[in-house]
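Q: Following this message is one structure expressed as structure tokens.
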Amino acid sequence: MSDKMYLCDEYKLYFKIEDDVEVLHNEVELYNAQFVGNNAFCHEEYIDGQRALTYSIPAMTTMNQFLEKKIHKDELVDLIFSIADQLMYLKANDLSIGKVILNKGYMYIDFQNMAVQLIFLPIDKPMDRCNMEKFIRDLMGNMKFANKKHPMPDMSLSNTLITILHFICQNFISL
């Protein structure tokens, strides 16, 4: 690990929400069910008179911090499949994938199982269309790989992972 990496047991996030935005409690309940690696907990509360979604995220580091180190092939596979499994769970429960924050600064990793904790916004508000394939390509493009011979791991592995995610996006996720 990089000596710059900050490790902890839990992160707390607070997202302010406007008074006219409805929190969809059925989505909160589905998100709070522990599923395929996601152990984050979300609830609505008032902080100093401001409505907020509060998240408790059991994780040791952010994705940004994790990506400061060199990544091994097995870690890459674990990260990609953790994200894909959670997205398929959300879709299977009719939760909009567009409400997932696709930002490495808001993704958290639990080293015990290499599960990525995704943040889902259970609110009734239009969201921008997400481009999962672009996100994964950008994510992998910014990784430093432990493979000493090549900057990217085995290209067939990378292409296979992208093909799998593209298939998931096309067949399971209506964005």
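The values are calculated or read from the model by the stated rules, or taken from the named source; none is laboratory data. Keep in mind it's a predicted model, so treat the numbers as computed, not measured. With ideal geometry, Cβ positions are generated from the backbone for all residues, glycine too; neighbour counts draw on all protein chains shown. The protein model used for the area step is the full one, side chains on, heavy atoms only, and it has no ligands, DNA or RNA in it. Shrake-Rupley method; radii C 1.70, N 1.55, O 1.52, S 1.80 Å.
Q: When segment 14-34 is examined, which residues are found to be open to solvent by 40 Å² or more (accessible area, probe 1.4 Å) and among the charged types (D, E, K, R)?
A: LYS16, GLU18, ASP19, ASP20, GLU22, GLU29
Q: Would you check if LEU87 is more than 13 Å from LEU118 (Cα to Cα) and of a type outside the set (Asp, Glu)?
A: Numbers: more than 13 Å from LEU118 (Cα to Cα): no; of a type outside the set (Asp, Glu): yes.
Answer is no for this residue.
Q: Quickly run through segment 63-93 and pick out the residues that are of a type in the set (Ser, Thr, Tyr) and open to solvent by 20 Å² or more (accessible area, probe 1.4 Å).
A: We begin by selecting, within segment 63-93, every residue of a type in the set (Ser, Thr, Tyr); these are 82, 89.
Result: TYR89, single match.
Q: So which helices (runs of 4 or more DSSP H) stay within segment 42-154 end to end and still have 3 or more residues that are free of Cβ contacts under 8 Å to residues at least 40 places away in the same chain?
A: Details: elements: 63-66, 73-92, 132-141.
Because the criterion is at least 3 residues that are free of Cβ contacts under 8 Å to residues at least 40 places away in the same chain, the helices (runs of 4 or more DSSP H) in segment 42-154 that meet it are 73-92, 132-141.
Q: Only one residue in ILE168, ILE101, ILE109, ILE173 is open to solvent by less than 20 Å² (accessible area, probe 1.4 Å) and at pLDDT 80 or above. Which one? Reasoning before the result, please.
A: On the way: ILE168 fails: at pLDDT 80 or above; ILE101 fails: open to solvent by less than 20 Å² (accessible area, probe 1.4 Å); ILE173 fails: at pLDDT 80 or above.
Exactly one of ILE168, ILE101, ILE109, ILE173 is open to solvent by less than 20 Å² (accessible area, probe 1.4 Å) and at pLDDT 80 or above, namely ILE109.
Q: Could you check segment 117-165 and list, in sequence order, the residues that are at pLDDT 70 or above and among the basic types (Lys, Arg)?
A: The answer is LYS125, ARG129, LYS134, ARG137, LYS144.
Q: Looking at the structure I just gave you, is GLY105 in contact with a Lys or Arg (Cβ under 7 Å, 6 or more places away or on another chain) and not polar (S, T, N, Q)? Let's see the steps before the verdict.
A: Values: in contact with a Lys or Arg (Cβ under 7 Å, 6 or more places away or on another chain): no; not polar (S, T, N, Q): yes.
In short, no.
Rundown of residues vs (1) modelled with pLDDT of 90 or more; (2) of a type outside the set (A, V, I, L, M, F, W, C), yes/no style:
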position: PHE15; (1), (2): yes, no
position: PHE35; (1), (2): no, no
position: HIS43; (1), (2): yes, yes
position: ALA52; (1), (2): yes, no
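Q: Checking the structure you have, find out if any residue of segment 36-55 is among the polar types (S, T, N, Q) and within 15 Å of MET114 (Cα to Cα).
A: Yes: segment 36-55 contains one or more residues that are among the polar types (S, T, N, Q) and within 15 Å of MET114 (Cα to Cα).
Q: Being of a type in the set (D, E, K, R) and assigned to a helix (DSSP H, G or I) is the filter; apply it to segment 7-41 and report the residue that is nearest to LYS91 (Cα to Cα).
A: Just the residues of segment 7-41 that are of a type in the set (D, E, K, R), to begin with: 9-10, 12, 16, 18-20, 22, 27, 29.
Pick out the ones that are also assigned to a helix (DSSP H, G or I) and you get 27, 29.
Working: GLU27: 12, GLU29: 15 Å.
Applying the filter and picking the extreme gives GLU27.
Q: Restricting segment 36-53 to residues that are open to solvent by less than 20 Å² (accessible area, probe 1.4 Å) and over 16 Å from the mean Cα position of the chain (by Cα), which is nearest to GLN86 (Cα to Cα)? I'd like the intermediate steps shown before the answer.
A: Of segment 36-53, the ones open to solvent by less than 20 Å² (accessible area, probe 1.4 Å) are 38, 40, 42, 51-53.
Add one more test, that the residue is over 16 Å from the mean Cα position of the chain (by Cα), and what stays is 51-53.
Values: ARG51: 27, ALA52: 24, LEU53: 20 Å.
In this case the residue turns out to be LEU53.
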